[in-house]
Amino acid sequence: MGNSINDIHMEDFQNVVNDLLMRNRSILDIISKIQTSAGRVNRAVVKSVTHCGCVEIDGKKQTFPGEASIENLQELLSTQLKGKLCPECRDAIEKEIGGALFYLAALCNTLGISLYDVILKEKEALSTLGSYSLR
Ligand SMILES: [Zn+2]
């Protein structure tokens, strides 16, 4: 992998995480923190709906016509999210995503994995598989 600017940023992030991780250095603490921090991301999203109200969720069963092609599925299927995040909720969600990334980077450090390589490999796999990799 080349040393692009993104590569350096991500490596730097992993180094900072490594320097700051003290109390929860055990892999057991790290994997349970990944779980907790992912839950906190979800909680921040839910609070933007239930406490702030800047966004709403319009959840219902989505049906799509059998003749729909993969190309226009994206237009036919809704995110079921209405509205736009206010600056406060955006900030809160970004902070929780940052926390989740912190523990993911910590796991990568412990296992000797480069987070940047993971992102690159995932992107390559997705573009190789094309529409077979739809999630
Ligand atoms: Zn809000």
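About its Cα centre, how strong a charge dipole does the chain have in debye, to the nearest 20, once Lys and Arg get +1 and Asp and Glu get -1 at the Cβ?
Working: 15 positive and 17 negative charges, 125 e Å.
Computed about the Cα centre, the dipole is about 600 debye.
Can you tell me the relative contact order of the chain? Whole percent, Cα pairs under 8 Å, sequence separation 6 or more.
The normalised contact order for the chain reaches 38 percent.
Could you point to the residue in Val46, Leu73, Cys108 farthest towards the positive end of the chain's charge dipole, with +1 and -1 charges on the Cβ of Lys/Arg and Asp/Glu respectively?
It is Val46, whose Cα lies furthest towards the positive end.
What's the extension gain from Glu88 to Val118 if we count 0.36 nm per residue and subtract their Cα-Cα distance?
So the extension gain works out to 7.7 nm.
Under 5 Å between amide hydrogens, which residues at least 5 positions from Leu85 or on another chain qualify, with H placed 1.01 Å from N in the peptide plane?
none
Of Lys95/Lys121; Lys84/Lys121; Lys60/Lys121, which ones are farther than 28 Å apart at the Cα?
The pairs that break the limit, which is 28 Å between Cα atoms, are Lys84/Lys121; Lys60/Lys121.
Calculate, for the chain, the solvent-accessible area per residue in square angstrom, rolling a 1.4 angstrom probe over the heavy atoms of the protein chains. Working shown, then result.
Details: 10110 Å² over 135 residues.
Per-residue value: 75 Å².
Among Leu120, Val55, Met10, whose Cα projects farthest towards the positive end of the dipole of the chain, with charges put on the beta-carbon of Lys, Arg (+1) and Asp, Glu (-1)?
Val55
If the reach is capped at under 14 angstrom between alpha carbons, list the aspartates and glutamates near Lys47, excluding any in the same chain fewer than eight residues apart.
List returned: Glu56, Glu88, Asp91, Glu94, Glu96.
Compute the whole-percent fraction of alpha carbon pairs in the chain spaced more than 24 Å apart.
Result: 53 percent of Cα pairs exceed 24 Å.
The values are calculated or read from the model by the stated rules, or taken from the named source; none is laboratory data. Here the structure is a predicted model, which is why all the values come from computation and not from measurement. In this analysis, Cβ positions are derived from the backbone assuming ideal geometry, glycine residues included, and neighbour counts consider all displayed protein chains. Ligands, DNA and RNA are excluded from the accessible area calculation, which covers all protein heavy atoms including side chains. Shrake-Rupley method; radii C 1.70, N 1.55, O 1.52, S 1.80 Å.
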